[in-house]
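**Q** Provided herewith is a single structure, encoded as structure tokens, for subsequent inquiry.
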Amino acid sequence: MPVVPKFSYIQNRTPAGRIPGVIMRFKIDKNLKVLAAAMVAPKEPENVAVELCARFIDAGMIEDTNENWGKSVLRATGPQYISDVCAVLAGFLYGDNSRPVPSDIFNAFCALTIMGDGNCPFCGGTLVYDDTEGHTVHDGDYYTPDTYVIDNYIYHCAECGKTIKSKEEL
Ligand SMILES: [Zn+2]
């Protein structure tokens, strides 16, 4: 099997970074850090999150669709030969797609979560502002109203529908 030479998925994007839509990536979590550290020439997890995902999109093993956001790699890749998956993974990690991939590395890969590049912490979807919640500080008097302090900004994710509360405005 030939080594996938380039990240055509990324390179086909405009210089601004993307064609309409988003660049799919993996969630930066402990599994991704395991993979980043396992590379022959380790890279920052932020880069691995995008580039490794692109390899699998290029290889036709993960479809670039928001249907996959929030899913684990294992679910998104569907039925594949493990040897094919390992070849792409080894090509990325070691620059040698025939090199064996240790089982802990393979397991970490299978547990990766696919994300969009929006703010939703669960799937990378786009957050839609709903409301704030807060409390009133009784510091007012006859002339001045009480102060309302915002505790959380409340959003929901347009993709997965989950509610996200944030101390900061997103
Ligand atoms: Zn979401």
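Any read-out appearing in this document is the output of simple, stated calculations on the displayed coordinates, not a laboratory observation. All of these numbers come straight from a predicted model, not from anything done at the bench. Ideal geometry is used to build each Cβ from the backbone, glycine not excepted, and the neighbour counts take in all protein chains shown.
**Q** Would you mind calculating the relative contact order of the chain from Cα pairs under 8 angstrom and at least 6 residues apart, reporting the percent as a whole number?
**A** Working: 281 pairs, mean separation 34.7, N = 170.
It comes to 20 percent, rounded to a whole number.
**Q** Right, next: Report the local net charge at residue 26: Lys and Arg +1, Asp and Glu -1, summed over other residues whose C-beta lies under 15 Å from its C-beta.
**A** On the way: positive: 25, 27, 30, 33, 43, 55, 71, 75; negative: 29, 44, 46, 51, 58, 63, 64, 117.
Net charge around residue 26: 0.
**Q** With charges set only on the Cβ (+1 for Lys and Arg, -1 for Asp and Glu), what does the dipole of the chain come to about its Cα centre, in debye to the nearest 20? Show your work: numbers first, answer last.
**A** On the way: 15 positive and 22 negative charges, 210 e Å.
With only Lys, Arg, Asp and Glu charged at Cβ, the dipole is about 1000 debye.
**Q** Further question: So which GluC sites (Glu not before Pro) in the stretch 104-168 are both in a DSSP loop and have at most 13 other Cβ atoms within 10 Å of their Cβ? All intermediate terms of the calculation are to be shown ahead of the outcome.
**A** Values: sites: 133, 159, 168; in loops: 159, 168.
Hits after loop and neighbour filter: 168.
**Q** Which of the residue pairs 27/165; 33/71; 33/167; 43/162 have a Cα-Cα distance greater than 22 Å in the structure shown? List each step's numbers first, then the result.
**A** Values: 27/165 19 Å; 33/71 18 Å; 33/167 27 Å; 43/162 32 Å.
As for pairs spanning more than 22 Å Cα to Cα, those are 33/167; 43/162.
**Q** So, how do all the Cα-to-Cα distances of the stretch 83-144 break down into 10 Å bins, in percent, from 0 on up?
**A** Result returned by the calculation: 17, 23, 18, 14, 11, 7, 7, 2.
**Q** Could you compute the net charge surrounding residue 135? Neighbours are other residues with a C-beta less than 15 Å from the C-beta of residue 135; K and R count +1, D and E count -1. Write down the numbers at each step before the final one.
**A** Details: positive: 165, 167; negative: 131, 133, 139, 146, 151.
After counting each charged neighbour, the total is -3.
**Q** Span-like helices, the chain: DSSP H, alpha-carbon axial extent 15 Å or more, mean Kyte-Doolittle -1.0 or greater, which ones? Present the calculation step by step, with values, prior to reporting the outcome.
**A** On the way: long enough: 45-58 (19 Å, 0.39); 82-94 (17 Å, 1.80).
Helix filter hits for the chain: 45-58, 82-94.
**Q** Throw me the Rg/Rh for the stretch 22-170, computed over C-alpha atoms with Kirkwood Rh, two decimals.
**A** Working: Rg = 20.8 Å, Rh = 17.3 Å.
Using Cα coordinates only, the ratio equals 1.20.
**Q** Given the convex hull over the Cα atoms of the stretch 127-166, what projected area results after averaging over all orientations, in nm²?
**A** Values: hull surface 11.8 nm².
Mean shadow area of the hull around the Cα atoms is 3.0 nm².
**Q** To continue, here is another question. Just to confirm the filter: which trypsin sites (Lys or Arg not before Pro) across the stretch 120-170 are DSSP coil and have at most 10 other Cβ within 10 angstrom of their Cβ? Could the numbers behind the result be given before it?
**A** Working: sites: 162, 165, 167; in loops: 162, 167.
Here the trypsin sites (Lys or Arg not before Pro) that fit, given the DSSP loop and packing criteria, are 167.
**Q** I've got another one for you. Do any chymotrypsin sites (Phe, Trp or Tyr not before Pro) in the stretch 75-145 lie in a loop, going by DSSP, with at most 13 other beta-carbon atoms within 10 Å of their beta carbon, and if so which?
**A** Values: sites: 81, 92, 94, 106, 109, 122, 129, 142, 143; in loops: 81, 122, 142, 143.
Passing sites in the stretch 75-145 are 81, 142, 143.
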